[in-house]
Amino acid sequence: MNDQPPLPPGQRETESFPRFGLTPFARRFPTETGRIAIQIVGDVRQPITIETELDRIPRVEQTSDFHCVTTWTHRALRWSGLRFSDFYSQILVPLAEPHPEVKFVVLYGQDGYRSILPLEDMLAPDVLLADRLDDRPLPIAHGAPLRLVAPAHYGYKSVKHVHRIGVLRSAADFRQIRLRFLVHPRARVAQEERGRWFPGWILRYLYRPLIRSTASLFERALRSHLTSIGLEE
Ligand SMILES: Nc1nc2c(c(=O)[nH]1)N[C@H]1C(S)=C(S)[C@@H](COP(=O)(O)O)O[C@H]1N2
Ligand SMILES: [Mo]
């Protein structure tokens, strides 16, 4: 039985779903993992914090593959949460009143990580703010209490531990956290937009040798963090 679509260019399937990311973030963890609160910032008339309002939006479930830019793919993850497009039109727009020319969305994690995507990409129906994975509350490993899931984009756009969302008219107001050639403004997996200036396939060979050590660094850091807070996941 194999009715799954072929893997995107350059990707290889992994059985495990490692906690992963940029190595400077391996030892940084969220401080608030139970309660969801999202601060809205940027080109808005009303900077606000959204909490209980989230209950107004219908919940959705989605099964999607997760593609890391370093070439590993974990298939068929079952997420649940809110569609970003519902969150945007039903909560963010009416309450925060973004400038009509807003074109970019920035997501900020509690660990200091951040990424930017065009608003148009964020409004695709498969982009979620997820708070559950495989029928359980999102674990710290994968982004508690809330993370972005943008399956058509490389994993580096799917910010974990989201606590702030910015809306911007210009991407020039966003400060990148990694070398510019390693980030693509859209990072679509199907187009192999791994980074900029070089064709995506070149970056496959730069990244592949780093997967194993990065995953084990993140795994060790997670285990010692969970021990330090007296939790198991
Ligand atoms: N807050 C935060 N979000 C993040 C990262 C991070 O280091 N911190 N790493 C990104 C990268 S590069 C990837 S591949 C995915 C990994 O998600 P996972 O740890 O759930 O596998 O998270 C993305 N979102
Ligand atoms: Mo990644």
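The values are calculated or read from the model by the stated rules, or taken from the named source; none is laboratory data. Since this is a predicted model, take the numbers as computed values, not measurements. Cβ atoms come from the backbone with ideal geometry, glycine included; neighbour counts cover every protein chain shown. To get the accessible areas, we keep the full protein, side chains included, count just its heavy atoms, and leave off ligands, DNA and RNA. Shrake-Rupley method; radii C 1.70, N 1.55, O 1.52, S 1.80 Å.
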Working only within region 38-81, note down all residues that are within 22 Å of A141 (Cα to Cα), touching a Pro at 6+ places or on another chain (Cβ under 9 Å) and among the small types (G, A, S). S64
A124: passes all of (1) under 23 Å from Q90 (Cβ atoms); (2) in contact with a Phe, Trp or Tyr (Cβ under 7 Å, 6 or more places away or on another chain) but (2)
Cβ-Cβ distance below 6 Å, separation of 6 or more or different chains: which pairs start in region 49-71 with a residue that is in a strand (DSSP E or B) and end on one that is open to solvent by 90 Å² or more (accessible area, probe 1.4 Å)? T63/R78
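Look through H74, H99 and report the one residue that is of a type outside the set (G, A, S) and either within 15 Å of the chain's Cα centre (by Cα) or within 21 Å of E192 (Cα to Cα) (or both). If you could, list the steps in order and put the result at the bottom.
Values: H99 fails: either within 15 Å of the chain's Cα centre (by Cα) or within 21 Å of E192 (Cα to Cα) (or both).
Answer to the selection: H74.
Scanning for something near ligand 1 (Cβ under 10 Å from one of its atoms) and open to solvent by less than 10 Å² (accessible area, probe 1.4 Å), does region 164-179 turn up at least one residue? So that I can check it myself, show each step before the final result.
The first filter runs over region 164-179 and keeps only residues near ligand 1 (Cβ under 10 Å from one of its atoms), leaving 177-178.
Checking the rest, the ones that are also open to solvent by less than 10 Å² (accessible area, probe 1.4 Å) come to none.
No - not one qualifying residue is present in region 164-179.
Quick one: how many residues across region 139-163 are of a type in the set (A, V, I, L, M, F, W, C) and buried (at least 23 other Cβ atoms within 10 Å of the Cβ)?
Let us first name the residues in region 139-163 that are of a type in the set (A, V, I, L, M, F, W, C), namely 140-141, 144, 146, 148-150, 152, 159, 162.
Then keep just the ones that are buried (at least 23 other Cβ atoms within 10 Å of the Cβ); that gives 146, 148-150, 159, 162.
Qualifying residue count for the region: 6.
Do we find that Q4 is more than 16 Å from ligand 2 (Cβ to nearest atom), at pLDDT 95 or above and open to solvent by 60 Å² or more (accessible area, probe 1.4 Å) in this structure?
Values: more than 16 Å from ligand 2 (Cβ to nearest atom): yes; at pLDDT 95 or above: no; open to solvent by 60 Å² or more (accessible area, probe 1.4 Å): yes.
Answer is no for this residue.
For region 213-233, how many residues are over 24 Å from E32 (Cα atoms) and surrounded by 11 or more Cβ atoms within 10 Å (Cβ to Cβ)? Step through it out loud before you land on a result.
Let us first name the residues in region 213-233 that are over 24 Å from E32 (Cα atoms), namely 213-214, 216.
When the remaining residues are screened for being surrounded by 11 or more Cβ atoms within 10 Å (Cβ to Cβ), the result is 214, 216.
The total comes to 2.
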Could you tell me which residue of region 189-199 is most open to solvent (accessible area, probe 1.4 Å), considering only residues that are touching a residue at least 24 places away in the same chain (Cβ under 8 Å) and more than 15 Å from ligand 1 (Cβ to nearest atom)? A190
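Somewhere in region 30-43, is a residue without any contact (Cβ under 8 Å) to a residue 60 or more places away in the chain and open to solvent by 30 Å² or more (accessible area, probe 1.4 Å)?
Filtering region 30-43 down to residues without any contact (Cβ under 8 Å) to a residue 60 or more places away in the chain leaves none.
No, region 30-43 has no match at all.
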